[in-house]
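Undergrad: The structure that follows is given in the form of structure tokens.
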Amino acid sequence: MTFRWPAALLAGTLLSPAVFAQAPSKADLAKAQQTASQVCAACHAGDGNSVLSANPVLAGQHADYTFKQLTNFKAQGGKPAERPNPIMAGMVANLSADDMRGLGAYFETQKPKPRAARDAEVAKLGQAIYRGGILAKNVAACTACHSANGAGVPAQFPRLAGQHAEYTSAQLKGCAWWPRSSPTGRLRRWPSTSPACARPRTA
Ligand code: HEC
Ligand code: HEC
């Protein structure tokens, strides 16, 4: 897979209306806040600033992206979930599309807490790749889609700024057999020997 994205392709495929969620109603938002404090708070914190690094920060993430991920965690129409995750599968099992839309909108309004790099050297390497990519390996600069400061670009390109380092690298190193789908292609993954990547038995 190469990482060349002609402008025409970007314009044509990224703006597909299917990926945009409708605005939630007031009732859905109120319900979302309640669900967030009663259910999601256990792992992501009520305001989306999760404490444990395995649980992604949801605060400030684009509503449409969160909506898409929640949809992808759910097995629907007899098909397996696009983004299989045993924990989140349980969380979304009883959520309707309106619930998911409301949750996306709720977490978008929450303020992400700033996070400082723990290892300045490693962060410097990351910054260089983020800004310039890796030419020899055909890795595109991340800024092309996630914006110069990591705030992402609604609706398709998620915010990466302020996310836990461990969660971010886990997503990048994730299981090669499970490519996360995206409107532009697939989140690039490398083969992993992590036990979490053991292929689940198909029933
Ligand atoms: C028991 C812990 C737990 C609870 C409760 C929980 N989550 Fe999660 N959530 C996780 C973990 C762990 C992941 C990371 C999955 C992975 O590694 O791909 C995750 C991932 C997500 C993601 C993907 C974030 C991204 O950046 O792609 C969203 C969105 C999300 N959760 C929303 C929710 C919502 C909304 C609720 C409440 C209805 C909820 N979660 C409840 C543990 C939890
Ligand atoms: C061509 C556009 C594009 C480029 C370039 C790109 N990304 Fe992404 N990235 C995406 C899209 C689209 C998604 C959302 C995929 C989905 O919906 O599951 C994503 C998702 C991610 C996620 C998961 C976020 C989360 O909350 O789970 C991480 C981490 C990530 N990208 C890191 C990077 C890094 C690091 C680079 C540079 C080496 C990069 N991306 C370059 C488009 C891009």
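The values are calculated or read from the model by the stated rules, or taken from the named source; none is laboratory data. Model, not experiment: these values are computed from the prediction. So basically every Cβ, Gly included, is an ideal-geometry build from the backbone, and we count neighbours across all protein chains shown.
Undergrad: Could you list, in sequence order, all residues of the range 62-81 that are of a type in the set (Phe, Trp, Tyr) and surrounded by fewer than 14 Cβ atoms within 10 Å (Cβ to Cβ)? Break it down into steps so the answer makes sense when it comes.
TA: Going through the range 62-81, the residues of a type in the set (Phe, Trp, Tyr) turn out to be 65, 67, 73.
Answer for the range 62-81, where residues must be of a type in the set (Phe, Trp, Tyr) and surrounded by fewer than 14 Cβ atoms within 10 Å (Cβ to Cβ): there is none.
Undergrad: Let me ask something else about it. For residues that are polar (S, T, N, Q) and closer than 22 Å to Gly152 by Cβ, scanning just the range 19-61, find the one that is surrounded by the fewest Cβ atoms within 10 Å (Cβ to Cβ). Before you say what the answer is, go through the steps one by one.
TA: Of the residues in the range 19-61, the ones polar (S, T, N, Q) are 22, 25, 33-35, 37-38, 49-50, 53, 55, 61.
Next cut, closer than 22 Å to Gly152 by Cβ only: 22, 49-50, 53, 55, 61.
Values: Gln22: 10, Asn49: 17, Ser50: 21, Ser53: 15, Asn55: 17, Gln61: 24.
Taking the candidates together, the pick is Gln22.
Undergrad: I'd like the full set of residues that are away from ligand 2 (no atom under 16 Å from the Cβ), crowded, with 17+ Cβ neighbours inside 10 Å and not aliphatic (A, V, I, L, M), limited to the range 82-100. Step through it out loud before you land on a result.
TA: Let us first name the residues in the range 82-100 that are away from ligand 2 (no atom under 16 Å from the Cβ), namely 86, 90, 93-99.
Still in the running and crowded, with 17+ Cβ neighbours inside 10 Å: 95, 99.
Asp99, the sole residue that qualifies.
Each row is one residue, and each column tells you yes or no for (1) polar (S, T, N, Q); (2) without any contact (Cβ under 8 Å) to a residue 24 or more places away in the chain.
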position: Asn94; (1), (2): yes, yes
position: Asp99; (1), (2): no, no
position: Pro114; (1), (2): no, no
position: Asp119; (1), (2): no, yes
position: Ala123; (1), (2): no, yes
position: Arg131; (1), (2): no, yes
position: Lys137; (1), (2): no, yes
position: Cys142; (1), (2): no, yes
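Undergrad: Now a separate question. Take the residues in the range 145-179 that are of a type in the set (A, V, I, L, M) and modelled with pLDDT of 90 or more, then tell me which one is farthest from ligand 1 (Cβ to nearest atom). Can you show your working first?
TA: Of the residues in the range 145-179, the ones of a type in the set (A, V, I, L, M) are 148, 151, 153, 155, 160-161, 165, 170, 172, 176.
Of the ones still in play, those that are also modelled with pLDDT of 90 or more are 148, 151, 153, 160-161, 165.
Details: Ala148: 20, Ala151: 14, Val153: 15, Leu160: 9, Ala161: 12, Ala165: 13 Å.
Checking each candidate, the answer is Ala148.
Undergrad: Pick from the range 102-112 the residues that are within 16 Å of ligand 2 (Cβ to nearest atom) and under 15 Å from the mean Cα position of the chain (by Cα): which of them is nearest to Val57 (Cα to Cα)?
TA: Selected residue: Pro112.
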